[in-house]
Amino acid sequence: MAGLAAAAVWTVQESFRSGLFSWASGAPRWSAPSCVEGVSEPLKSEVLAFAKDRLAVLPSSEARAAWRKSFPYLKKAEVPSWRRLFSASPCWRLSLRDALGRLARSRKGAWFLSREGEPFEAPDSLYAGQSLPVIDAPESAPADLAALAAFLPRLAAGDVRPRTLSRLAGDKGWRLEMVDGLSVLWGDLNYFAEKQKRLAQVRADLRKRGESPETIDLRFIGAGRVYVKGLAARSGEERRELGRS
């Protein structure tokens, strides 16, 4: 009996892990859904129509490809295990991919950077409520996007939330434009902890003095230097060095 019970539990667990797209002998495991959860209209109706018109008739490999092409912004589409067992027409639970930023691209439509470092297209309205930075990287290599995807959450964890990120001329790294108009020349995505620490120190120091800079340059942090340009008060210098680390 214990063996049978263990086998039954394993079957349910494996059924759950197999996800929405599991077929046996080229046929869908279940019929088209009766409802969709986790997203709002008009996406609900689009998914329901797609499932009824295409997923129910396509072979497994073609169904997967068609789903990815039609809904590249959906991360998961799953059916709770209890509904799989007891419902002939289950309700699908959908979730959107996590977007870290909006990619400024020459292609039509809205493009976003996923947490996995992949660009994907999505209706702009799906992420309208999120304060996503605009990433000016029209044709960045996959390795660059993957590095950005690792970089942005670390910035946010340190409460650094740029409005835009753009490439510096000559492939010299990145410029961060903050919501208050401050420009941060971050440079390459190295020395992260040191740059984040010095940026916070410099901004706090300038706030205490009542000074407002145009630019903070972190590109020479490896040599122990941080440069400030365009101070609006107390300093007539166009450019000055703020100590060494």
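Brief remarks follow.
- Answer residue from segment 121-156, given it is in contact with a helix residue (DSSP H, G or I) (Cβ under 9 Å, 6 or more places away or on another chain) and outside any loop (DSSP other than H, G, I, E, B) and is surrounded by the most Cβ atoms within 10 Å (Cβ to Cβ) among those: Ile135
- Filtered residues of segment 169-207 (kept if assigned to a helix (DSSP H, G or I) and touching a residue at least 40 places away in the same chain (Cβ under 8 Å)): Phe192, Glu194, Gln196, Arg198, Ala200, Val202
- For segment 32-45, a tally of residues being touching a residue at least 24 places away in the same chain (Cβ under 8 Å) and either outside the structural domain of Trp67 (by TED's automatic domain parsing) or among the acidic types (Asp, Glu) (or both) returns 1.
The values are calculated or read from the model by the stated rules, or taken from the named source; none is laboratory data. None of these values were measured; they are calculated from a predicted model. FYI the Cβ positions are ideal-geometry reconstructions off the backbone, even for glycines, and counts take in every protein chain you see.
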